[in-house]
Each structure stands twice: as structure tokens, then as C-alpha cells.
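Scroll down for the structure; my scribbles are underneath it.
No lab work stands behind these numbers, since they all come straight from the coordinates. Just so you know, these numbers come straight off a predicted model, no measurement behind them. Here the Cβ positions follow ideal geometry from the backbone for every residue, glycine too, while neighbour counts run over all protein chains shown.
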Amino acid sequence: MNPKTLEPLFNYDHMDRKNGRSNGLTGQDILSVDQFDVDTLDYIFTRSCEMREMVRRVGSTDLLRGNVLTALFYEPSTRTSSSFIAAMERLGGNVIPITQGVQYSSVSKGETLADTVRTLEQYSDVIVLRHPEIGSAKAAADNATIPVINAGDGAGEHPTQALLDLFTIRDELGRLDGLQIAMIGDLRYGRTVHSLTKLLLHYDVSLRFVSPEILRLPLTLMNEVIDAGIDVRETHDVADVIEKADVLYVTRVQKERFSDLAQYEEVKDAHAITPEVMKRAKEDMIVIHPLPRVGEIHYSVDKDPRAAYFRQVQNGMFVRMALLAAVLGKA
Ligand code: ASP
């Protein structure tokens, strides 16, 4: 509906630049966090704050009236799908939701991802895609003339989750530079860990990676961290990081990525954040989690004011509103 190759009727990107609010995101696919620099991140976070203000004051706006988003989810999702839908609706746009039942679409008849995307772009202005294969969002984008947003490609990346994670850290603690961030859990298959780690390389942070041996951060990513000159350490034990961490980024062991379920059973309960553990943490730290949790943060931690994971959930909607507005050229 809004081909990447056509000149837009109004050049919103240009208007942004004139107003000093350039974003460079108009008409772009969002496939990996590699495409964000610090200016773009600042732009998205400023717009996210504006979206939050707007929602708190009036609930919704008609900025994206007349625009249609297709939510195409080949893997389960609660927060990503519903926050994209809520974001689009609060901006006055509409949604084609293929989030509960790809099995009821022509995918079950053997239709390829390319053909599905080529079809859905006839009806919509942006496609949000979750798919179990690494690189699927890129493959979809190569076949689409409208922007494709990667909502998780297997164990690859989850760029919009990383944006909301980073936004949450900055919003809760007021800064990013100088923080010590501990990532805990499944660092191997956790796509949110991969995306957030790469975004954090733009800042003066120290990183601590806590995981069982078989779930360590992939070597290529660890090399990127080292090449960026970041202060980094790996350990198997939360006790080694709890006292100094400003952020605990806790993650679920990704059962669905294991070919050997016995191996999953061995590591699934490797870490647990309990009130006892929290007693040793700083007063002004936060605990966040991309969710869902399956035991790695005890429910009794929820009443601790440092437990920020449900505030993080709400931020997801504001950040996705900002991103959709930018991609669809409505600054
Ligand atoms: N919801 C996040 C994801 O889709 C985290 C998780 O599933 O553990 O990657």
C-alpha cells in the first residue's frame, strides 16, 4: 500500500529534518538493532515519552488513522503482539491480527512466507512478523515493498524488545552510562539478550553475563562486546554479581529451542531471584525481564519496588507507538 520504492506524497522525513526531529526511520524495515545509532535511540525514546504523556492525558489520537498493520505471528506471543495492536489502535490505526491462528491461514496449506507477505502487503502499510527461524524477518522484508518489523526471529534478534528494555533502564534509573548490567539465564538462545547486549555497546556500561555453561552468550556476540572495549565478565553464579549490579536482566530458559529436553531439564532451574537474593542487592537497582517468567523470578519479589517488569511491559506499548509513527512517517 505504501511501497518503499515510491516517493511519498508528502516527505515527512524532510519535514522532520526541517524541525530538527530527523529520524531516518520512515519507510524502513526494523530487522536488527544494528541499524540504530545513539541519535536514533534518543529520537525513539523522546517520542516514547511523548506517547506516554499523550496516552495518560487523552488515551488515543488519530495520528495513524487510515493505516493498517498486519500482525503475523508464527510463534506464541502475549506482550509483543498485544502491545503492537494496542499501539496501533491508540494511534487511530487498524490491525489485521494473525496472531492466534497461523494454522487457520493458508500457511497450513503450505504457502511460503514470501507469498504470505506479498499477499498481506496488498492490504496493509506495515507488517510485524514473529517467526521461529533466524533471518526470517530479513527474508520477509526482501519480498515486501512495505516495512517489515522483526518481532522475534527464532534465537536471532528481538529489536523492539531491546528498545523497550533500554528505555525502561533509562527511565527507571535516569541514565545508562556508568551502569553495571547483569544478564541472567539463557544467554545462548535468548534473542532479547542478543539484541539488548548489542544496543548497550553504544554506552559506557559494564556487563556481567550469568548462565549455566551450555547457555553462555554466543562467541561471536561476546567478541563484539570485547571489541567494543566493554568491561565484561562471565560467571555461573548470581551471587558473584548481585551486590554491584544496577540492573538484573533475568530471562527464561528457552525450552522451545532445545533439541534434547533432558538437557533443558538440567538447566531450567539454574537461577532464581528470591526475596533472599534481593536482600543483597543495591537499594536503587532494578529487576527487569522480557517475560514470560517460568520460575526464575519468584512471585514474592513482585512487591519489591525494584521489581520493574510490569512497568517495563507498559513501556513496550509506548515504544512501539513511537516506532510505528516513525516508520509510517508520522512524526
Ligand atoms: N517474550 C520474549 C521473546 O519472545 C522472551 C521469551 O519468550 O522468553 O523472546
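State which residue is farthest from the ligand (Cβ to nearest atom) when the search covers only segment 111-159 and only residues that are hydroxyl-bearing (Ser, Thr, Tyr) and part of a helix (DSSP H, G or I).
Residue satisfying both the conditions and the ranking: 119.
When residue 66 is evaluated against the numbered criteria (1) exposed (fewer than 13 other Cβ atoms within 10 Å of the Cβ); (2) of a type outside the set (Phe, Trp, Tyr); (3) more than 15 Å from residue 325 (Cα to Cα), which criterion, by number, is the only one it fails?
All conditions pass for residue 66, except number (3).
Exactly one of (1) within 16 Å of the ligand (Cβ to nearest atom); (2) out of contact with any Pro (no Cβ under 8 Å at 6 or more places or on another chain); (3) of a type in the set (Ser, Thr, Tyr) is unmet by residue 235. Its number?
Result: residue 235 fails condition (1) only.
State yes or no: is residue 330 charged (D, E, K, R), within 30 Å of residue 90 (Cα to Cα) and either out of contact with any Gly (no Cβ under 6 Å at 6 or more places or on another chain) or in a loop (DSSP other than H, G, I, E, B) (or both)?
Judged against the criteria, residue 330 is a match.
Quickly run through segment 68-104 and pick out the residues that are in contact with a strand residue (DSSP E or B) (Cβ under 6 Å, 6 or more places away or on another chain), more than 16 Å from the ligand (Cβ to nearest atom) and without any contact (Cβ under 8 Å) to a residue 60 or more places away in the chain.
Matches in segment 68-104: 70, 94, 95, 96, 97, 98.
So the check is Cβ under 6 Å with 6+ separation or different chains; which pairs have a first residue in segment 170-190 that's of a type in the set (Ser, Thr, Tyr) and a second one that's surrounded by fewer than 21 Cβ atoms within 10 Å (Cβ to Cβ)?
Filtered contacts from segment 170-190: 189/155; 189/254; 189/257.
Are there any pairs, at least 6 apart or on different chains, whose C-beta atoms fall under 8 Å, with the first in segment 144-161 and under 15 Å from residue 322 (Cα atoms) and the second part of a loop (DSSP other than H, G, I, E, B) and near the ligand (Cβ under 10 Å from one of its atoms), and if so, which?
Taking only residues 6 or more apart or on different chains, the pairs are 161/290.
Please state which one of 269, 246 is within 16 Å of the ligand (Cβ to nearest atom) and surrounded by fewer than 24 Cβ atoms within 10 Å (Cβ to Cβ).
Only one candidate passes the filter, namely 269.
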